[in-house]
Amino acid sequence: MKLLLAALVCMCLNSCVILVGLDPAEKLATKIEKQAVKLEGSEDSSLTFDFTPDAKRKRPGSCECDPVRIEFVTKGASDGHSVLLVDGWFRTTYHNRFVTVGEPLEATKPSREAFQLTLEKLSGGVRLVELK
């Protein structure tokens, strides 16, 4: 019975992601993952890429947000870990598996305008060094 219940919960959670899709923070974290892997496999020492959040980012119980704000909050962590926030509502730490963040980064732009992120290859991995 417990196994059946666990399988049902897992199916529901997976269905949510399939039906609703990733939120803006998860989408950016996934893009960071792909770009970090790309940089690690190349001869380049840095890589800059663009990210444009979906035009329709809606927080529960509120209107669509404009402008868009992206933050990497370190809260004094010396290990390079951070929390990725989009519009102060959507958040993830998934990107910590692929990059470190040395200092807090933040940028605000009008909707539909691309953010630029720069990754730098280090001896022990990849670091997110710029967000604009």
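The values are calculated or read from the model by the stated rules, or taken from the named source; none is laboratory data. In this text the structure is predicted, and so the values were computed from the model without any measurement. Every residue, glycine as well, gets a Cβ built from its backbone with ideal geometry; the counts of neighbours run over all protein chains shown. Surface accessibility is based on the protein's heavy atoms, side chains included, excluding ligands, DNA and RNA. Shrake-Rupley method; radii C 1.70, N 1.55, O 1.52, S 1.80 Å.
Summary table below
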| item | result |
| --- | --- |
| Extended-chain gain in nm, criterion 0.36 nm per residue less alpha-carbon gap, R97 and R112 | 2.6 nm |
| Computed lengthening from L22 to R69, 0.36 nm per intervening residue step minus Cα-Cα distance | 15.2 nm |
| Of the trypsin sites (Lys or Arg not before Pro) in the stretch 66-127, those whose Cβ has at most 10 other Cβ within 10 Å and which sit in DSSP loop | K75 |
| With DNA, RNA and ligands ignored, accessible area of D54 (1.4 Å probe; Å², nearest 10) | 70 Å² |
| Hypothetical label at K31: residues of the stretch 92-132 whose amide nitrogen lies under 14 Å (7 Å Cα-Cβ projection) | 107-119, 131-132 |
